[in-house]
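Here the structure comes first, spelled out in structure tokens, and everything after it is commentary.
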Amino acid sequence: MATSTTKLGLTKPDYTDVVDVADLNTNADLIDSAAGFTICTSSTRPGSPWSGQVIYETDTGLSLVWDGSAWQPAGGGGGGVTISSTAPASPSAGDLWWDSDDGEMYLYYDDGSSQQWVSAAGPSVAVQSTAPTGYEGQLWLDDTDGSMYVYYTDPGGGSSSWIGAVSRSGGILQVVSTTKTDTFSASVAAGGLTAVTGFTASITPRSTSSKILVFVAIDGNASTADGHMAFRLLRNGSPVGVGDTAGSRTSLTASQTPAYASDNTAIANAMKQFLDSPSTTSSITYSVEIHNSTSGSQTLYVNRSGADIDDAPRARTISTITLIEVAG
């Protein structure tokens, strides 16, 4: 009784069979079609390949060999090149992909714990408004402000983050500022505090190691001729950059020098710089509360004097909060 070979399915007559010329012709055709590479496309690969069968795909340019369970690059160990606008669906470590949309070559890389396509030409530069996922050495140009960042892994702590490419530390990453040009007033009890409306600034740090250098300059005065005010800095509603607690004294950030004037027309200034370490990459908001630093209730004013006489020699001023992110 005739049997078939395992690879090409050739007919093998039994010793007692009568040889059929049609079987011989079919065997010859099968051998002829199997000679050399099987020419196909990625969607018309042989449905029942044998171990060791080699194919060439005309649409991808890949030469593949069937290892008994999957198609592998014919060169072994990866290295097949796929020319496509999208990444291959089931790559092996060492495979190459040429992105026909942007002309970039990528290598499928296995670092032992994860696999990803990386630029075969070395670290690439991503130009976009939001940070890419990132890999070691990749560069990112923020097209909203022109800042350049590099993806860096701390060899000590093992944490990875985007840091300013201008320097490892001390580089300026971004600047945010709020200028208050209108006036503000509030009646405040002796030793009391009140928030200044419209006088906040928000920033989203690039890295948890970043420092935020805060500059505050606030103009104003009090309703009494010898009165004055101070201020307290807050981060997300909690005081930062204030003096130590001491008895009943109020912990503040800075205080004015009283602007003495018999008609209460002077304007005083209070300012302070504070280097904060928020240790976050979430948005944070800095704000200011003004403090009545006199023994009785009075009205506190921002960007104007207490009297605020409508006269050319008198002034209206501005107050500012400026936030500078410094690479840690």
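Every number in this text was worked out from the coordinates using simple rules, so none of it is lab data. Only a predicted model underlies this, so the values are computations on that prediction, with no experimental measurement involved. Heads up, the Cβs are rebuilt from the backbone with ideal geometry, glycines too, and the neighbour counts pull from every protein chain shown.
When Trp98, Trp71 are sorted by how many other C-beta atoms sit within 10 angstrom of their C-beta, beginning with the fewest, the order is Trp98, Trp71.
The stretch between Ile39 and Thr144, if pulled fully straight at 0.36 nm per residue, gains 32.9 nm over its current Cα-Cα span. Alpha-carbon geometry of the chain: the Rg and the Dmax are 37.1, 132 Å, given in that order.
The helix-only estimate of mean residue ellipticity at 222 nm for the chain, built from DSSP H runs of length n ≥ 4 each weighted as -39500 (n - 2.57), is -1500 deg cm²/dmol after division by the residue total. Per-residue Karplus couplings for segment 312-328, computed as 6.51 cos²θ - 1.76 cosθ + 1.60 with θ equal to phi - 60°, are listed in order as 4, x, 8, 10, 10, 10, 10, 10, 9, 10, 10, 10, 10, 7, 10, 4, x Hz, Gly and Pro entered as x. Measuring nothing but how far apart in sequence close Cα pairs (under 8 Å, 6+ apart) lie, relative to its length, the chain scores a relative contact order of 15 percent. Among Thr16, Thr144, sorting on how many other beta-carbon atoms sit within 10 Å of each Cβ, with the fewest leading, yields Thr16, Thr144. Taken one residue at a time, the phi angles of segment 245-257 give Karplus couplings (6.51, -1.76, 1.60, θ = phi - 60°) of 5, 8, x, 8, 5, 8, 6, 10, 8, 7, 9, 6, 8 Hz. Gly and Pro are set to x. When Tyr109, Tyr301 are sorted by how many other C-beta atoms sit within 10 angstrom of their C-beta, beginning with the fewest, the order is Tyr109, Tyr301. Each peptide among 304-310, 45-51 gets the average number of other Cβ atoms lying within 10 Å of its residues, and from highest to lowest they stand as 304-310, 45-51.
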